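To start, the structure under review is shown below, and the notes come after it.
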Amino acid sequence: MDFIKNLLLEFGLNPTLARHLSTIIMILFIALICFVANFITKKIVIRVITHIVTKNKLHWGNILLERKVFRKLSHIVPAIIIYYFSSTFLTYQELIEKGAMAYLIIVILTVVNSLLNAITDIYQTFDISKVRPIKGYVQVVKIIVITLGGILVIANLMGESPLILLSGIGALSAVLMLVFKDSLLGLVAGIQLTSNDMVRVGDWIEMPKYGADGDVIDISLNTVMVQNWDKTITMVPSYAMISDSFINWRGMQSSGGRRIKRSLFIDTNSISFCTEEMIEKFKNIHYLSDYIINREREIAEYNRNNEFNRSNPVNGRALTNLGVFRAYISKYLQNHPGINQEMTLMVRLLAPSENGVPIEIYAFTNDVRWVVYESVQGDIFDHLFAIAPEFGLRIFQNPSGNDLKTLVNESTRDVMVMERE
C-alpha cells in the first residue's frame, strides 16, 4: 500500500487524499484478487474435479458434488487472501485478522456439515443402513462440531482462549441439559433402537397413540418419520419408541406369510346330524369324498364294537353337517394356491355366543403384500359364505329391515287366513 501511496504522491496529490485513495485502491485490489481466485477455483479446479469424478464413475464422488462439498471448500481461498493482506492495514490489522479467521471457521463448519451429509448419503446406499442407521449419530456430531465452531468464533472475536469459554459452559451444563433435552433423549433412544434392532428404515410399524401406521422412511436424532398408508407423514419422537409400546410388522414381512384370523358365525338352529341323503350328496364333493368314506367306516366300526342302538341318533357317533363343513374348509385351504402350507393352518370351533357358533379360520397367505392378502382372504370367505347352505347351514346375522318386513307380511297373511276361516 505504501508503494501505491508514493506513486500517487508523485502525481502531486494531497497526502491525506493519497492515503485514503491508496487504501481504497488496495481494498479493490484485494477484492479483485479474491474474486479471481474464487472464480478460478470454481470454474477451473471444480470443473476438473467434476470431470475426473464423472469420468471414473465414482458414486461417492457424485454425492460429494451434489452436496457441493468442493464448491463450499472454494470459499476458504478468499479468507486466506484477506488474512494474508491484513498486515497492509496496520490500524485495522487485528480486526481484519479476527474477521477473516471467523469467516474461515464458518466456512470450515459449512464444509464439514456438507461432508457429514455426503457421508450419510453414501452410507444409505448400502443395505446395512436399513439395519444400522447413522443419521442420529451424524446429527450429534453436527451439534458438537457447530458448538465447538461457535466457541472458536466467539473466542477469536473476543481474543480469549477457547478453554475459558469451555470452562464457562461447564457451569451452564444444567441449562444446556434443558436446552438439548430432546436431543439427548433422542441420542439415547437412537442407540437403543439401533443396538437392539427394534426398528429399521422400511419397517411397517403401528403406534396408535401417535396415529402412526405405515412404513418407516427416516430415523433421525429426535424423530422417527413414518409414512402412513394414506400417504400422510407422522413424526414420532425417538424416545417414545423406547418408553411406549408399538407394533413392528417386520417379523410378518420376513416370514413370507400374513395371518388370516377370521370367523364365520353359524346359526345354531341349522346344525344337525347328517341324513343318508346328505351323506350321499357330500360324497360327490371333490374335497370330501375320501373323508366321508373313511369317516363312515370309522364311525360304523366304532358303533358296532360298542353295540350302540342306532335307532336313536343320540346313541353312538354320527356325522354332523357342521363337522363335515369344518372338514371341507380344512381341505379347501390345504388346496388353495394362496395359502402358505408350511405355516400354521387350522379350522376350529370357538365358544358359542349370542351370535351363533364361530368357525375360526387360522391360516397364513403365501404373499405378504396387502392387496394380495385381502384378495386371497376375500376369495376364501366369498366361497364359504356361498356354499354354507349346501351343508344345510345358515350364516348368522342380526335381523335386517327386509327380514322384519317379511316377518310382518307373513304374520299379516296368517291373520287374514285365520279371519277367512
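Conditions tested, residue by residue: (1) in contact with a Gly (Cβ under 8 Å, 6 or more places away or on another chain); (2) under 29 Å from Ala386 (Cα atoms); (3) in a helix (DSSP H, G or I).
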residue: Ile205; (1), (2), (3): yes, no, no
residue: Asp213; (1), (2), (3): no, no, no
residue: Met225; (1), (2), (3): no, no, no
residue: Val236; (1), (2), (3): no, no, no
residue: Ile242; (1), (2), (3): no, no, yes
residue: Ser263; (1), (2), (3): no, yes, no
residue: Asn269; (1), (2), (3): no, yes, yes
residue: Ile279; (1), (2), (3): no, yes, yes
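Would you be able to say whether some residue in the range 289-308 is within 30 Å of Val376 (Cα to Cα) and open to solvent by less than 50 Å² (accessible area, probe 1.4 Å)? For the range 289-308, residues within 30 Å of Val376 (Cα to Cα) and open to solvent by less than 50 Å² (accessible area, probe 1.4 Å): present. Residues that are open to solvent by less than 80 Å² (accessible area, probe 1.4 Å) and out of contact with any strand residue (DSSP E or B) (no Cβ under 9 Å at 6 or more places or on another chain) within the range 189-216 comprise Ile191, Gln192, Ser195, Asp197, listed in sequence order.
Pairing each residue of the range 261-277 that is over 29 Å from Thr365 (Cβ atoms) with any residue that is buried (at least 18 other Cβ atoms within 10 Å of the Cβ) and among the β-branched types (Val, Ile, Thr), provided the two are 6+ apart or on different chains, yields C-beta distances under 8 Å for Thr268/Val357; Ile271/Val357; Cys274/Val324. When the range 88-121 is limited to residues that are in contact with a helix residue (DSSP H, G or I) (Cβ under 6 Å, 6 or more places away or on another chain) and without any contact (Cβ under 8 Å) to a residue 24 or more places away in the chain, the one that is farthest from Arg47 (Cα to Cα) turns out to be Gln93. Got at least one residue in the range 23-34 being modelled with pLDDT under 70 and more than 60 Å from the chain's Cα centre (by Cα)? Among the residues of the range 23-34, at least one is modelled with pLDDT under 70 and more than 60 Å from the chain's Cα centre (by Cα), which makes the answer yes. Among the residues of the range 97-154, just one is of a type in the set (D, E, K, R), open to solvent by 50 Å² or more (accessible area, probe 1.4 Å) and over 23 Å from Asn222 (Cα atoms), namely Glu97. Looking across the range 265-282, the residues that are over 22 Å from Pro358 (Cβ atoms), over 51 Å from the mean Cα position of the chain (by Cα) and open to solvent by less than 50 Å² (accessible area, probe 1.4 Å) come down to Met278, Ile279. Lys231 falls short on exactly one of the conditions (1) open to solvent by 60 Å² or more (accessible area, probe 1.4 Å); (2) free of Cβ contacts under 8 Å to residues at least 12 places away in the same chain; (3) in a helix (DSSP H, G or I), and that condition is (3).
If you take the residues in the range 322-349 that are touching a strand residue (DSSP E or B) at 6+ places or on another chain (Cβ under 8 Å), in contact (Cβ under 8 Å) with a residue 40 or more places away in the chain and in a loop (DSSP other than H, G, I, E, B), which one is least open to solvent (accessible area, probe 1.4 Å)? Ranking the qualifying residues of the range 322-349, first place goes to Gly338. Take Ile359 and tell me if it is open to solvent by 20 Å² or more (accessible area, probe 1.4 Å), hydrophobic (A, V, I, L, M, F, W, C) and within 26 Å of Thr275 (Cβ to Cβ). No; evaluated as a whole, the condition is false for this residue.
Just one of the numbered conditions (1) without any contact (Cβ under 8 Å) to a residue 60 or more places away in the chain; (2) within 12 Å of Pro133 (Cβ to Cβ) is not true of Gly214: (2). In summary, Asp213 fulfils each of the numbered conditions (1) touching a helix residue (DSSP H, G or I) at 6+ places or on another chain (Cβ under 7 Å); (2) charged (D, E, K, R); (3) within 30 Å of Asp182 (Cβ to Cβ) with the single exception of condition (1). In the set Phe364, Phe381, which member is touching a Gly at 6+ places or on another chain (Cβ under 9 Å), open to solvent by less than 80 Å² (accessible area, probe 1.4 Å), aromatic (Phe, Trp, Tyr) and not in a loop (DSSP other than H, G, I, E, B)? Answer to the selection: Phe364.
The values are calculated or read from the model by the stated rules, or taken from the named source; none is laboratory data. If you're wondering where the values come from, they're calculated on a predicted model, not measured in any experiment. No Cβ is skipped: glycine too gets one built from the backbone with ideal geometry, and neighbour counts run over all protein chains shown. Protein only, heavy atoms only, side chains kept; ligands, DNA and RNA dropped before computing areas. Shrake-Rupley method; radii C 1.70, N 1.55, O 1.52, S 1.80 Å.
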